[in-house]
Amino acid sequence: MKVRLLYPGHDFDPEQKLPWQGQALEQDLGLDTLWRSMSGGDPFIFDVARKVLLSGQTTDLETVAYRQELVNDCLRNPAVVRQLYDLTVEAIDKKKKKFYFGFFSRFPGGILQDAIEVMGTFMASLKSLRALAEAHAGEFTSRGFSAFFSRLREDLSDAFFAEVQVHLSELRFDRGVLVSAALGQGNAGTACVLRSAREERLSWLARIFGKGPPAYTYHVPERDESGSRALAGLRDRGINLVANALAQSTDHILDFFDMLRTELAFYIGCLNLYDELTGLGVRTCLPRPTAPGTRKLRFSGLSDPSLGLVSRRSVVPNDLNADGKSLIIVTGANQGGKTTFLRSVGLAQLMMQGGLFVAAEIFEAELCAGLFTHFRREEDVTMTRGKLDAELDRMSEIVDALRQDALLLFNESFSGTNEREGSEIAGQIVRALLESRMKVAFVTHLYEFAHDVVEGAFGNAIFLRAERRSDGTRTFRIVEGEPQKTSYGEDLYRRVFGGATEGRGMAEVPADDLERSS
């Protein structure tokens, strides 16, 4: 029986290879915080959430819509979904705690006995699942849950459980094992076949005075150890195929429970995250995805959920309408919220493509054929290469993995050199990306680069700026505005060192140096 709660046509593959840029995404977007919140302290849910979201960079609108329906069902019926998950975990734990293959399970008799006990436990758990489906199926409207509950009701019928019970009773062999065999070379028994014992309902008179079966009977003496071993070997040869078949059946049912637990774990993570974000006052919504290449990006009230989870309070939200734009340039005052804004866009994109809700009031965006980040890094502590060399190496790796309609997020990239050289490098790379039908969001203090974009050298772009009040206060809001020559480093100088800045030339100090000093 298939689960199919993450994909409409197949089950999730927990062993699939994660995208190579996964580690960079984790570091740059603060994904570890998100997954810890989803896990609720459960390492299994943490691992599933990580794999689903990192491997979920799909351009299939159908898959995203399919998961969104399931997420919506979970948010409307959290208690039922948690109960379903708990039943699944309980079934797996019972198997692991009560039954294990010990010394005697190397023999068919031991394997059969263990398999009978495990199957009995699984049947009780499957009955509980079916009862839950019958009681609550009408409360779910998504295609995924509706089809799953329908399969439970159809495949786990009363007739199915009755038939399984009959087979398990027969396999206990309370009346002994009937095995047929042929004589081989040296009168050794060959071709052992397990037979079904006939049930002849005879009267008590017939059983007392009736004629016995036309067969020879031999009773093994109690102290004949060799005879007992030979008889046990004959019995094991007869039930070997049956024991293996039943053990394989229990493995199939265990695989079903394992897959159900895995796919449900993602939605339990969704519920955990939703509870935490709403408890902090963070607004959430189910985004509206569009096909790749539509250049759709519009949102209202978007915030960085990871920052909210770390700070334990709501985060300043932002609005944007960048429909039809392939390039977003973000400039402005240091520590004004630019990196947080960039992370919020990347997180929302990742969460949307995984079928999850996002931290916004409204969010519409196209699906991208891959999400990549190129954030500023600290200098190589081994001193084997310079900062700019490391940045270019990482950029080269990204380029090798790019496809059309991918989304790239740059944060203070190519700042490991002077203004002119960094602007030239950034300009050439961004121009090539846009010509190859990529979508780019770039946070930068490279004024020459940003000014070239303003002059129209890069096609359609939208310019954003970190808002700064006249007294130097940061509102942490990102608004539309063309780049300025200064990053207002003097504001940070006053905050760190105090006093005036006349004659010190702080407006020309590189932004990354200022942020490190603060």
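Bear in mind these aren't lab numbers, they're just calculated from the coordinates by the rules spelled out. Because the structure is a prediction, the values reported are computed rather than measured. Cβ coordinates were reconstructed from backbone atoms using ideal geometry, including for glycine residues, and neighbour counts include every protein chain displayed.
Odds and ends about this structure:
- Label separation (Gln428 vs Lys2): 5.0 nm, computed from points 7 Å beyond Cα along the C-beta direction.
- Modelled this way, with points 7 Å down the Cα-to-C-beta line, the labels at Thr294 and Glu15 are 3.7 nm from one another.
- Compactness of segment 282-485, expressed as Rg and Dmax over alpha-carbon positions, Å: 16.5, 47
- Cβ-defined net charge surrounding Glu455, 11 Å radius [Lys, Arg +1; Asp, Glu -1]: -3
- FRET efficiency, Ala390 to His451 (Cβ-Cβ, R0 25 Å, nearest 0.05): 0.40
- Spread of Cα-to-Cα distances over 5 Å intervals beginning at zero, given as percent, for segment 1-141: 2, 8, 12, 16, 17, 15, 12, 8, 6, 3, 1, 0
- Length gained when the stretch Ala182-Leu75 is fully extended (0.36 nm per residue, less Cα-Cα span): 32.1 nm
- DSSP-assigned coil residues among trypsin sites (Lys or Arg not before Pro) in segment 1-66, each with at most 16 further Cβ atoms within 10 Å: Lys2, Lys17
- Each part reduced to its alpha carbon centroid, segment 319-333 and segment 253-276 end up 36 Å apart.
- Divided by 2.2 N^0.38 Å, where N counts the residues, the Cα radius of gyration of segment 306-412 comes to 1.21.
- Residues of segment 17-61 with amide N under 16 Å of the 7 Å Cα→Cβ point at Arg312: 37
- Point-to-point label distance, Glu222-Val399, nm (Cα→Cβ direction, 7 Å offset): 8.8 nm
- Maximal additional length on extending the Arg82-Phe44 stretch stands at 12.2 nm, based on 0.36 nm per residue less the C-alpha distance.
- For segment 389-460 versus segment 127-171, the gap between their alpha-carbon centres in whole angstrom: 55 Å
- For segment 376-458, the list of trypsin sites (Lys or Arg not before Pro) that fall in a loop by DSSP and count at most 14 other C-beta atoms within 10 angstrom reads Arg385, Arg403.
- Count of lysine pairs in segment 282-485 with Cα separation under 22 Å (8 or more residues apart, or interchain): 8
- Note on Gln23/Gln248: beta-carbon distance plugged into 1/(1 + (r/R0)^6) with R0 of 25 Å gives a FRET efficiency of 0.05.
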